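The values are calculated or read from the model by the stated rules, or taken from the named source; none is laboratory data. A quick note: this is a predicted structure, and the numbers were derived from the prediction, not measured. With ideal geometry, Cβ positions are generated from the backbone for all residues, glycine too; neighbour counts draw on all protein chains shown. In case anyone asks, the SASA skips ligands and DNA or RNA and just uses the protein heavy atoms, side chains included. Shrake-Rupley method; radii C 1.70, N 1.55, O 1.52, S 1.80 Å.
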Amino acid sequence: MIHQNRRKELLSKLDDNAVVIVSTNSEQKRNSDVNYPFRPDSSFWYLTGFIEPDAIAVFSKNNYTIFLKPKDITKEIWNGLRLGVEMAPKTLLANNAYDIDTFLDKIESLLTSESSLYFDAPGNIGWKDVSSTNKLNQSIALKFRNRTQLLDPYLSEMRLIKDSTEIQHMQTAADLASKAHMQAMIRTRPGLYEYHITAEFDTLFRKEDSEHSYPPIVAGGENACILHYNENNKLLNDGELLLIDAGCEILGYASDITRTFPINGKFSEPQKEIYEIVLKAQKSAIASIVPGEAVNKPHEVACDVITQGLIKLGIMDDASSLRDFYMHGTGHWLGLDVHDVGTKEINNTIRKFKVGMVTTVEPGIYIRKSDKVDSKYWNIGIRIEDDVLVTEDGHHILSKAAIKELEDIEQLMSQ
Ligand SMILES: [Mn+2]
C-alpha cells in the first residue's frame with residue numbers, strides 16, 4: 001500500500017498525461033559465472049517494493065504495469081524463486097504484468113499520442129540492457145521527442161522527506177551501526193589488524209540480516225588521512241588513532257556513522273586537542289539544524305569552529321589554509337542511498353531544512369606529515385559523523401547511541 005501511495009503522490013506532481021517508466025538493476029558479474037550480491041535500484045524499490053533484478057514499472061493515472069522475469073523451474077532451482085507474471089498483479093497491486101522480454105513489443109500499447117514520458121535517468125529506460133534501451137529509444141524517440149522528461153527532480157523531492165516507516169528503518173540501521181562502533185571500541189587493541197575490526201562490523205550486521213551500506217573505512221594512524229581508504233589491512237599501532245566510517249542497511253535504508261578513538265584506549269595530549277575541536281565543531285553544526293535554517297549552516301558552523309581551534313593551536317595562521325586540514329563537506333542527505341538524492345539548492349537558492357529530512361553531520365581534521373605543522377600532530381586524522389533527522393522542534397540524532405565524548409570512549413575501552 002505504501003508503494004501505491006507513493007506512485008499516486010508522484011503522479012499528482014506530474015501532468016495529467018504523465019507515464020512514468022522506472023527500471024531496476026540487472027545482476028552484475030563479479031567474475032566467471034559469479035555475480036555480485038544483488039541490490040535493487042533505490043527509486044524503483046521506493047515506488048514498487050519489488051526487489052528482483054530485471055524489472056520495469058510503467059504507471060500512469062489509470063494503469064500500473066510491471067514487466068518482470070517469468071517463472072522458470074530450471075532457473076529457479078539454480079538461482080532462487082521468482083514472483084512470476086501470474087502472481088505479480090496481486091502481490092504488487094498492479095493492473096497487468098508481463099514477461100520483461102516483451103517490454104519492447106508492449107510498451108507502445110501503454111502509451112497514447114497524448115502521453116508525456118518521465119524516465120528515471122536521461123536516455124536510460126533500462127532494464128539496463130543497452131541494446132534494448134537503444135531500441136526503445138529509437139522506437140519512441142520520434143513520437144515522444146518533445147514530451148520526454150527526467151523524473152529525478154520530482155522523485156528526489158519526495159525521497160528527500162522521509163515518512164514514518166522510512167524513519168523507523170533508518171533508526172534501526174543507526175542503532176545497529178552504533179552498537180557495532182562500540183563493539184569495535186571494546187575489541188580494538190595494538191597488534192590487531194584493521195581487518196580484525198572490520199570483521200566485528202561484518203558479523204554484527206550479518207547477524208541482524210543486515211549488511212554494509214557502503215565499503216567501510218577502517219583506518220589506523222596515517223591511513224585516516226586518506227579520505228576514502230578501504231584497504232583495511234594494516235597493523236594497528238600503539239599510540240595511534242583508529243578512524244572507522246561504517247554503516248549498515250535495513251530494508252534498503254542506510255546508516256552512516258564515523259567514530260575515531262585511540263587504539264590503546266587512551267588519547268594522547270595532541271590527539272585530545274584535535275579531537276575536542278572536531279567534537280565541538282560537530283556538536284555546534286548539529287545544534288544549528290532546525291526547520292527553516294539554511295542547509296549549508298552546519299558546514300559554515302563547523303568550518304568556523306575548526307578554523308578558530310586550529311589557529312589557537314598554532315597549526316593554522318588564518319582561515320585561508322582551512323582546506324589543507326578540512327577538505328570535505330560537513331554532510332549529505334541520507335536515505336535509501338548513503339549519499340541520498342536531493343539537491344542542496346533549489347531555484348538557485350540554498351534550501352532550508354524541513355521536517356523529515358535526514359542529513360549526516362561529519363566534520364573532520366586531517367593532519368599529514370608537513371614541515372608547517374608541529375610533528376606531534378602528524379598523522380592525526382579525526383572525523384565524527386552522526387545521522388540527524390530534522391523534527392518539528394529541531395532535530396533528533398538517530399545515531400546518538402554511539403558514544404563520542406572523550407571520557408566515555410576511554411571508559412568503555414578500559415573495561
Ligand atoms: Mn557520510
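Among the residues making up the range 191-201, a single one is of a type in the set (A, V, I, L, M, F, W, C), within 21 Å of S213 (Cβ to Cβ) and surrounded by fewer than 22 Cβ atoms within 10 Å (Cβ to Cβ): A199.
Criterion applied to T260, T188 was being over 30 Å from S43 (Cα atoms) and crowded, with 24+ Cβ neighbours inside 10 Å, and the one residue passing it is T260. Each residue in the range 46-96 was checked for being of a type in the set (K, R) and in a loop (DSSP other than H, G, I, E, B), and 4 of them qualify.
Are any residues in the range 334-343 near the ligand (Cβ under 10 Å from one of its atoms), open to solvent by 10 Å² or more (accessible area, probe 1.4 Å) and touching a strand residue (DSSP E or B) at 6+ places or on another chain (Cβ under 6 Å), and if so, which ones? V338 - this is the single residue of the range 334-343 that is near the ligand (Cβ under 10 Å from one of its atoms), open to solvent by 10 Å² or more (accessible area, probe 1.4 Å) and touching a strand residue (DSSP E or B) at 6+ places or on another chain (Cβ under 6 Å).
Counting only residues that are part of a loop (DSSP other than H, G, I, E, B) and surrounded by 14 or more Cβ atoms within 10 Å (Cβ to Cβ), the range 15-26 holds 4 of them. When each of G381, G394, G364 is tested for being in contact with a Lys or Arg (Cβ under 6 Å, 6 or more places away or on another chain) and open to solvent by less than 10 Å² (accessible area, probe 1.4 Å), the lone residue that passes is G364. Considering only residues in the range 276-296 that are of a type in the set (A, V, I, L, M, F, W, C) and open to solvent by 10 Å² or more (accessible area, probe 1.4 Å), the one that is nearest to the chain's Cα centre (by Cα) turns out to be V295.
Test K352 against the criterion of being within 16 Å of the ligand (Cβ to nearest atom), open to solvent by 70 Å² or more (accessible area, probe 1.4 Å) and within 30 Å of K162 (Cα to Cα), and give yes or no. Taking the combined requirement at face value, the residue does not satisfy it. When we screen H328, H299 for residues that are in the same structural domain as K372 (by TED's automatic domain parsing), outside any strand (DSSP E or B), surrounded by fewer than 16 Cβ atoms within 10 Å (Cβ to Cβ) and within 14 Å of the ligand (Cβ to nearest atom), the only hit is H328. Can I346 be described as hydrophobic (A, V, I, L, M, F, W, C) and more than 15 Å from the ligand (Cβ to nearest atom)? So I346 fits the description; yes.
Can you confirm whether the range 357-379 contains a residue that is away from the ligand (no atom under 16 Å from the Cβ), part of a loop (DSSP other than H, G, I, E, B) and on the phi > 0 side of the Ramachandran plot? Within the range 357-379, one or more residues are away from the ligand (no atom under 16 Å from the Cβ), part of a loop (DSSP other than H, G, I, E, B) and on the phi > 0 side of the Ramachandran plot.
Residue under question is M170, and the condition is that it be in contact with a strand residue (DSSP E or B) (Cβ under 6 Å, 6 or more places away or on another chain), under 14 Å from L336 (Cβ atoms), touching a residue at least 12 places away in the same chain (Cβ under 8 Å) and not assigned by TED's automatic domain parsing to the domain that holds S60; does it hold? Quick ask: steps written out before the conclusion?
On the way: in contact with a strand residue (DSSP E or B) (Cβ under 6 Å, 6 or more places away or on another chain): yes; under 14 Å from L336 (Cβ atoms): yes; touching a residue at least 12 places away in the same chain (Cβ under 8 Å): yes; not assigned by TED's automatic domain parsing to the domain that holds S60: yes.
Against the criterion (in contact with a strand residue (DSSP E or B) (Cβ under 6 Å, 6 or more places away or on another chain), under 14 Å from L336 (Cβ atoms), touching a residue at least 12 places away in the same chain (Cβ under 8 Å) and not assigned by TED's automatic domain parsing to the domain that holds S60), M170 qualifies.
Okay, residues lined up against (1) under 22 Å from the mean Cα position of the chain (by Cα); (2) over 21 Å from L236 (Cα atoms):
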| site | (1), (2) |
| --- | --- |
| K372 | no, yes |
| K376 | no, no |
| N379 | no, no |
| D386 | yes, yes |
| V390 | yes, yes |
| S399 | yes, yes |
| E407 | no, yes |
| Q411 | no, no |
